[in-house]
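Engineer: Structure in structure tokens, see below.
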Amino acid sequence: MTVRLGIACTLGLVMLACARASSSGMTRGPTAGAPEGTSRDSQVVETIPLHGFESAPTNDPEIRRMSDSSLLVVFNCMPPCSTPDARDGPPALGTYEHFDSEMQRAIGVDAVWEDREFFRISKPKADTVDKLREFVAGYHARKSDK
């Protein structure tokens with residue numbers, strides 16, 4: 001009983017944090033409709049794990065390949081749970097404020113920051129998944145070198 005209650009409380013806090021983040025004005029792209037060239041009815045056809053972004057591998061992001069050929073890059077927490085930016089009170093992006101433009105430069109195609117943890121790539125190229133893997137896996141190492 002205690003374990004179930006603990007899990008429920010934890011899930012409740014995570015849901016509350018996500019609700020706060022979503023309502024905090026952090027949306028950068030169109031959330032009401034699908035981006036140009038994509039369908040609101042698009043379904044996930046493949047899930048591709050991305051490794052090396054979070055300190056706990058279970059929190060690592062993933063790419064969802066959609067039936068309309070678009071990609072949805074999904075992060076569990078933005079900023080990552082392991083960073084001071086994520087632990088300092090109200091939702092803020094801190095050093096991740098320009099993450100979308102950094103991602104676009106790295107992958108060479110447009111990426112729309114739809115919501116705090118969601119990035120949509122409407123027209124990926126053949127090498128976009130590989131470039132996303134490289135970008136995500138090496139992100140923190142590149143930041144620490146600066």
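The values are calculated or read from the model by the stated rules, or taken from the named source; none is laboratory data. Bear in mind the structure is a predicted one, so any value in this text is a computation, not a measurement. Calculation scope for accessible area: heavy atoms of the full protein, side chains included, ligands and nucleic acids excluded. Shrake-Rupley method; radii C 1.70, N 1.55, O 1.52, S 1.80 Å.
Engineer: Under the rule of at least 5 residues apart or a separate chain, name every residue whose amide H is placed under 5 Å from the amide H of D68.
Structural biologist: Excluding prolines and chain starts, which carry no amide H, the hits are Q43.
Engineer: Between D127 and N59, what length comes free when the chain is fully extended (0.36 nm per residue of separation minus the Cα-Cα distance, one decimal in nm)? Could the numbers behind the result be given before it?
Structural biologist: On the way: separation 68, 0.36 × 68 = 24.48 nm, distance 2.43 nm.
Full extension from D127 to N59 adds 22.1 nm.
Engineer: Return the sequence-ordered ³J(HN,Hα) values of the range 62-69 in whole Hz as given by the Karplus equation 6.51 cos²θ - 1.76 cosθ + 1.60 applied to θ = phi - 60°, using x for Gly and Pro.
Structural biologist: 9, 9, 10, 7, 9, 5, 8, 6
Engineer: Sort V44, V136 by accessible area with a 1.4 Å probe, largest first.
Structural biologist: On the way: V44 75, V136 0 Å².
Sorted descending by solvent-accessible area, the residues read V44, V136.
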